[in-house]
Amino acid sequence: MKKFIGNDWDEVLAPVFESNEYHALHEFLKKEYQTKRIFPDMYHIFTAFKLTPFAKTKVVILGQDPYHNPGQATGMSFAVMPGVKLPPSLQNIYKELYDDVGCVPVQHGYLKKWADQGVLLLNAVLTVPYGHANGHQGKGWEQVTDAAIKALSDRGQVVFILWGKYAQNKIALIDQEKNYVIKSAHPSPFSADRGFFGSRPFSRCNEALKKFGETPIDWQLPQQVTESDLA
């Protein structure tokens with residue numbers, strides 16, 4: 001069995017990684033990385049899976065694809081590297097986080113502390129060309145991430161946080177009797193006022209985790225990120 005990730009996700013996703021479709025995606029990506037600027041760098045494509053093993057995943061926050069400008073993408077949905085200006089969606093997430101559970105907003109967008117606690121910060125598509133949002137949509141990543149969502153759903157007792165219509169299209173993969181789904185408008189400035197603000201996803205998530213017998217997430221991010229914090 002090939003080890004793409006280095007933890008139990010390799011076994012969970014082995015049928016996908018061994019498929020002809022994934023081989024085609026791999027060959028496509030090799031050419032893309034050789035000829036274009038692709039984000040994140042190839043060593044951080046699977047960061048979300050590496051930081052949050054299958055057995056430890058309690059929450060999934062599903063994004064669409066990585067940020068497409070230099071220095072932003074981390075391999076974690078909605079996160080950006082330290083020192084990078086906060087994207088508008090993440091600023092709105094921080095506003096709701098404060099209003100919901102009182103977390104003091106921080107000046108960085110590095111979300112590893114959440115990942116370390118069992119929050120899988122998953123994008124449906126794991127790579128993107130420079131300046132071309134959704135540029136790798138439909139190239140094969142969806143079979144990997146759909147398989148991950150389905151495997152977690154089958155295991156059960158996972159909280160899925162789905163912001164916006166794109167993420168909510170994945171509801172068909174989720175057994176809502178075994179898991180808990182939180183859905184609302186996307187935190188983007190174009191939609192945050194239409195149901196994201198006031199949706200209380202963080203406190204609702206922790207309430208669900210308690211009912212599952214799981215430890216709630218400490219959503220408060222550190223004010224500073226050090227070199228040792230970086231994935």
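The values are calculated or read from the model by the stated rules, or taken from the named source; none is laboratory data. Please read all numbers here as calculations on a predicted model, not as lab measurements. Counting neighbours? That spans all protein chains shown, and the Cβs are built from the backbone with ideal geometry, glycine included. To get the accessible areas, we keep the full protein, side chains included, count just its heavy atoms, and leave off ligands, DNA and RNA. Shrake-Rupley method; radii C 1.70, N 1.55, O 1.52, S 1.80 Å.
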Which members of the stretch 147-164 meet the condition of being in a loop (DSSP other than H, G, I, E, B) and either free of Cβ contacts under 8 Å to residues at least 60 places away in the same chain or under 16 Å from the mean Cα position of the chain (by Cα) (or both)?
Gly156, Val158
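Can Phe46 be described as at pLDDT 95 or above and over 16 Å from the mean Cα position of the chain (by Cα)?
Details: at pLDDT 95 or above: yes; over 16 Å from the mean Cα position of the chain (by Cα): no.
So Phe46 does not fit the description; no.
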How many residues are touching a residue at least 60 places away in the same chain (Cβ under 8 Å) and under 21 Å from Ala167 (Cα atoms) when one looks only at the stretch 79-111?
9
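Can you tell which of Gln220, Gln176 is part of a loop (DSSP other than H, G, I, E, B), of a type in the set (S, T, N, Q) and free of Cβ contacts under 8 Å to residues at least 40 places away in the same chain? Break it down stepwise before answering.
On the way: Gln220 fails: free of Cβ contacts under 8 Å to residues at least 40 places away in the same chain.
So the residue among Gln220, Gln176 that is part of a loop (DSSP other than H, G, I, E, B), of a type in the set (S, T, N, Q) and free of Cβ contacts under 8 Å to residues at least 40 places away in the same chain is Gln176.
Is it the case that the stretch 137-146 has a residue that's under 15 Å from the mean Cα position of the chain (by Cα) and of a type in the set (D, E, K, R)? Show your work before the answer.
Applying the first criterion (under 15 Å from the mean Cα position of the chain (by Cα)) to the stretch 137-146 yields 141-142, 144-146.
Those still in the list that are of a type in the set (D, E, K, R) too: 142, 146.
Within the stretch 137-146, one or more residues are under 15 Å from the mean Cα position of the chain (by Cα) and of a type in the set (D, E, K, R).
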Residue satisfying all of: in the stretch 187-231; touching a Phe, Trp or Tyr at 6+ places or on another chain (Cβ under 6 Å) and over 15 Å from Val119 (Cβ atoms); surrounded by the fewest Cβ atoms within 10 Å (Cβ to Cβ) among these:
Val225
Hey, any hits in the stretch 135-155 for a residue that's among the hydrophobic types (A, V, I, L, M, F, W, C) and within 22 Å of Leu86 (Cβ to Cβ)?
no
If I filter the stretch 79-96 for residues that are surrounded by 19 or more Cβ atoms within 10 Å (Cβ to Cβ), assigned to a helix (DSSP H, G or I) and charged (D, E, K, R), do I get at least one hit?
yes
Going by the structure shown, is Ser184 among the hydroxyl-bearing types (Ser, Thr, Tyr), open to solvent by less than 50 Å² (accessible area, probe 1.4 Å) and in contact with a Pro (Cβ under 9 Å, 6 or more places away or on another chain)?
yes
Those residues of the stretch 179-203 which are under 20 Å from Ile217 (Cβ atoms), free of Cβ contacts under 8 Å to residues at least 40 places away in the same chain and not β-branched (Val, Ile, Thr) amount to Asn179, Tyr180, Lys183, Ser184
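I need the full set of residues from the stretch 97-113 which are under 20 Å from Gly71 (Cα atoms) and either open to solvent by 60 Å² or more (accessible area, probe 1.4 Å) or not in a helix (DSSP H, G or I) (or both), in order please.
Quick first cut of the stretch 97-113, residues under 20 Å from Gly71 (Cα atoms) only: 106-113.
Across the stretch 97-113, the qualifying residues are Val106, Gln107, His108, Gly109, Tyr110, Leu111, Lys113.
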